Amino acid sequence: MTERASVRRAFSRAAARYSELAGLQREVGDRLIDVLPSSARATRVLDLGCGTGFASPGLRARFPQALLCPADFSQPMLALHRPVQGNARVCADAHALPFAGRAFDLIFSSLMLQWCDLPRVLAECARVLTADGWLCFSTVLQGSLREIDAAFSGIDGHRHVVDFPAASALHSMLEMEGFSIEWAECATRVEYFAHAAELLQSNRGIGASRVPAGGRPSMLGRAALAEVCRRLELGRTAQGVPLSYELAWVVARPVPGARG
Ligand SMILES: C[S@@+](CC[C@H](N)C(=O)[O-])C[C@H]1O[C@@H](n2cnc3c(N)ncnc32)[C@H](O)[C@@H]1O
């Protein structure tokens, strides 16, 4: 199975419980709605990697007249997307968008890019965005899920957390694809769980438990899983067992003349 197919499968499996478990994702998306540029007058808005549609009501409120296009490559996620007036849901892979050039004047994307080949998806965003459009996204940076990474270290010889980009690498990739950053914010968020097993279950439940390419596709044995939980429990604080996210919210625009 390719890297992308395994991401799609993880999210499709997670779809049914995603809305219930994805508290942090909802919070991150709400923040992205809050920081949408007040000067943006978008009429065609793409919600890329829309999931079950957390952002739709906020986008509709912010752009009451716009054509909203929620898109995701997971059919089960899209199927749970509640229809919002004026929406046209599209099943699409961000690496090869089925839209004409300059089809949108604003792309909104919350917590999808970290699962993608970033330069390729940024190039697609640049292609489908108008020359004076806006790319507004949130993403996960290096250091995220570090508790899971550490707990699995040496367990089966594979990394269990994706290589999330550093902020500087993200910046460079945006520049290379012809975007300039208008505004950005980074923050650490920590979720706490009653037990290590709950932490792992929740991570799987939101589709983020994928084994990276070359990783171990089969289930871990009982002893290995117990060891992973034991290690996670070592990090317990008064609030519970922590799981950290390094987050970025970015508002970027195409650099004039960077594209033909
Ligand atoms: C963490 S969820 C975020 C969903 C939604 N934006 C939210 O904030 O709740 C990531 C979403 O991105 C989608 N996704 C991941 N890679 C994708 C790709 N290459 N093309 C389209 N959607 C993708 C997944 O199917 C999933 O629905």
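The values are calculated or read from the model by the stated rules, or taken from the named source; none is laboratory data. Source: prediction; values computed, not measured. Positions of Cβ are backbone-derived with ideal geometry, glycine not excepted, and every protein chain shown enters the neighbour counts.
Do we find a residue being buried (at least 16 other Cβ atoms within 10 Å of the Cβ), more than 10 Å from the ligand (Cβ to nearest atom) and either farther than 28 Å from V190 by Cα or at pLDDT below 95 (or both) anywhere in region 135-143? Taking every residue of region 135-143 in turn, none turns out to be buried (at least 16 other Cβ atoms within 10 Å of the Cβ), more than 10 Å from the ligand (Cβ to nearest atom) and either farther than 28 Å from V190 by Cα or at pLDDT below 95 (or both). Residues in region 27-41: is at least one near the ligand (Cβ under 9 Å from one of its atoms), out of contact with any His (no Cβ under 6 Å at 6 or more places or on another chain), hydroxyl-bearing (S, T, Y) and modelled with pLDDT under 95? The answer is no; no qualifying residue exists. The single residue among D72, D47 that is under 24 Å from D163 (Cβ atoms), of a type outside the set (G, A, S) and buried (at least 23 other Cβ atoms within 10 Å of the Cβ) turns out to be D72. Scanning region 241-260 for residues that are surrounded by fewer than 18 Cβ atoms within 10 Å (Cβ to Cβ) and β-branched (V, I, T) turns up just one, V255. Within region 178-188, is there a residue that is farther than 29 Å from P256 by Cα and modelled with pLDDT of 95 or more? For region 178-188, residues farther than 29 Å from P256 by Cα and modelled with pLDDT of 95 or more: present. Figure legend. Inter-residue proximity from region 125-136: first residues under 21 Å from P98 (Cβ atoms), second residues crowded, with 23+ Cβ neighbours inside 10 Å and among the charged types (D, E, K, R), beta-carbon distance below 8 Å, spacing 6+ or different chains. Indicated pairs: C125/E177; A126/E177. Only one of the listed residues (Q75, Q65) is polar (S, T, N, Q) and either more than 10 Å from the ligand (Cβ to nearest atom) or free of Cβ contacts under 8 Å to residues at least 60 places away in the same chain (or both). That residue is Q65. For region 1-15, name all the residues that are within 10 Å of the ligand (Cβ to nearest atom) and more than 21 Å from L118 (Cβ to Cβ). S12, A14, A15, listed by residue number. Taken together, D149, D93, D163 contain a single residue that is part of a loop (DSSP other than H, G, I, E, B), modelled with pLDDT under 95, among the acidic types (D, E) and surrounded by fewer than 19 Cβ atoms within 10 Å (Cβ to Cβ), which is D163. Restricting T139, T130 to residues that are within 30 Å of L225 (Cβ to Cβ) and assigned to a strand (DSSP E or B) narrows the list to T139. Evaluated against (1) in contact (Cβ under 8 Å) with a residue 24 or more places away in the chain; (2) in contact with a strand residue (DSSP E or B) (Cβ under 6 Å, 6 or more places away or on another chain), Q25 falls short on exactly one condition, (2). If only residues of region 93-115 that are over 15 Å from the mean Cα position of the chain (by Cα) and near the ligand (Cβ under 10 Å from one of its atoms) are counted, the one that is farthest from L46 (Cα to Cα) is A96. For the criterion of being of a type outside the set (D, E), at pLDDT 90 or above and more than 23 Å from G205 (Cβ to Cβ), F73 fails.
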